[in-house]
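One structure is given below, encoded as structure tokens.
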Amino acid sequence: MRIRRDKTLLMMTVPSIALLLVFNYAPLFGLATAFQDYDPLIGVWHSQWVGFDQFRQLFHDPQFWDSLKNTIYLSFVQLILFFPIPIVLALLLNTVLSMRVRNFIQSVVYLPHFFSWVLTITIFQQMLGGAGLLNQYLRSHDMSTWDIMTNPHTFALLVTGQAVWKEAGWGIIVFLAALAGINSELYEAAAADGAGRWRRMWHITLPGMRGVIVLMLVLRLGNALSVGFEQFLVQRDAVGHSSADVLDTFSFYYGITTNNYSYGAAAGLFKSVISLLLIWGANKLAHAFGEDGLYRK
């Protein structure tokens with residue numbers, strides 16, 4: 001009976017493994033184009049091998065360094081302003097006693113996750129754009145308008161606000177799961193000893209969530225150079241490439257659109273290697289503080 005059950009479970013994993021192989025591992029073969037002068041007409045096998053020439057050109061390209069600088073800056077802003085918000089939302093939602101109210105709030109904050117970036121930016125444009133509701137209200141009261149959607153100086157705050165609105169609600173799922181795993185008897189014992197709500201949160205809730213918070217932080221640092229693509233692609237013309245270009249859009253505009261596929265592949269490979277080093281370093285740091293990180297030491 002157990003053998004039959006295990007065989008059924010293994011068969012259920014076959015589609016997931018197939019998708020992983022096709023969409024995550026098979027494309028790794030294309031990394032070879034970063035070391036070639038790739039010509040799609042003759043294919044990978046017959047394209048000229050140029051070694052590290054694409055990387056030399058990449059490292060001497062000021063547009064690449066501007067895109068890298070924008071990526072690091074935007075990632076830092078989102079780490080400071082975005083990462084804590086799902087934790088706070090999960091803590092607040094956990095205090096709601098009514099299950100019906102809690103389910104309603106969860107449904108509302110989950111919903112924007114399923115919107116495309118085009119729809120999300122359209123909503124922000126209708127609210128904060130030059131002809132949006134905010135500026136219409138300001139004009140009707142003889143007040144100066146706010147240049148939010150096209151201001152390159154506040155673009156980092158704009159895209160962070162869009163990311164918070166769209167993804168913060170979805171991000172609370174894993175933290176709610178961590179809260180559900182905390183033994184309720186600890187709260188009862190602390191309350192019996194006279195601990196208030198803040199002391200219970202500080203000494204029971206946050207330590208119970210610490211492992212998950214560290215894990216999510218490690219994953220976030222590993223994706224520090226992946227701040228998004230569609231979000232910046234849609235808004236690039238509004239604020240200018242000097243503010244909106246990140247590594248992903250750099251690979252697209254200066255690699256794919258110019259038919260210089262090897263150059264775009266070199267930029268993508270550079271990003272992947274740095275991301276791997278970041279997640280390795282963050283995981284080592286988690287182990288140094290006694291946490292599991294991605295795996296137990």
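The values are calculated or read from the model by the stated rules, or taken from the named source; none is laboratory data. It should be emphasised that the depicted structure is a prediction, and the values quoted were computed from it without experimental measurement. Glycine gets a Cβ as well: all are built from the backbone with ideal geometry, and neighbour counts include every protein chain shown. Areas reflect the complete protein model, heavy atoms only, side chains present, ligands, DNA and RNA absent. Shrake-Rupley method; radii C 1.70, N 1.55, O 1.52, S 1.80 Å.
Is it true that some residue in the range 69-81 is open to solvent by 90 Å² or more (accessible area, probe 1.4 Å) and farther than 22 Å from Phe155 by Cβ? Quick ask: steps written out before the conclusion?
Going residue by residue through the range 69-81, those that are open to solvent by 90 Å² or more (accessible area, probe 1.4 Å) are 69, 72-73, 76, 80.
Narrowing further to those that are farther than 22 Å from Phe155 by Cβ: none.
Within the range 69-81, not a single residue is open to solvent by 90 Å² or more (accessible area, probe 1.4 Å) and farther than 22 Å from Phe155 by Cβ.
Screening Phe250 on (1) touching a helix residue (DSSP H, G or I) at 6+ places or on another chain (Cβ under 9 Å); (2) open to solvent by 60 Å² or more (accessible area, probe 1.4 Å) shows it passes everything except condition (2).
A single member of Gln48, Gln36, Gln78 is more than 30 Å from Ile213 (Cα to Cα) and in contact (Cβ under 8 Å) with a residue 60 or more places away in the chain, and it is Gln36. Of the residues that make up the range 218-236, is at least one within 18 Å of the chain's Cα centre (by Cα) and among the aromatic types (Phe, Trp, Tyr)? Yes - at least one qualifying residue is present in the range 218-236. Starting from residues that are among the charged types (D, E, K, R) and within 17 Å of Pro84 (Cβ to Cβ), keep the ones in the range 139-169 and report whichever is surrounded by the fewest Cβ atoms within 10 Å (Cβ to Cβ). If we take residues in the range 139-169 being among the charged types (D, E, K, R) and within 17 Å of Pro84 (Cβ to Cβ), then Glu167 is surrounded by the fewest Cβ atoms within 10 Å (Cβ to Cβ).
Here Asp142 meets each of (1) over 20 Å from the mean Cα position of the chain (by Cα); (2) at negative phi with one exception, condition (2).
For Ser47, the stated conditions do not hold, so it cannot be described as under 26 Å from Ala156 (Cα atoms) and of a type in the set (Gly, Ala, Ser). As a summary of the residue check, Asn24 satisfies the conditions (1) under 26 Å from the mean Cα position of the chain (by Cα); (2) open to solvent by 30 Å² or more (accessible area, probe 1.4 Å); (3) at pLDDT 90 or above; (4) polar (S, T, N, Q) except for the one numbered (3). If you go through the range 86-102 and pick out every residue that is surrounded by fewer than 12 Cβ atoms within 10 Å (Cβ to Cβ), over 25 Å from the mean Cα position of the chain (by Cα) and assigned to a helix (DSSP H, G or I), you end up with 3.
Of the helices (runs of 4 or more DSSP H) that lie entirely inside the range 135-221, those containing 1 or more residues that are within 21 Å of Glu291 (Cα to Cα) span 155-180.
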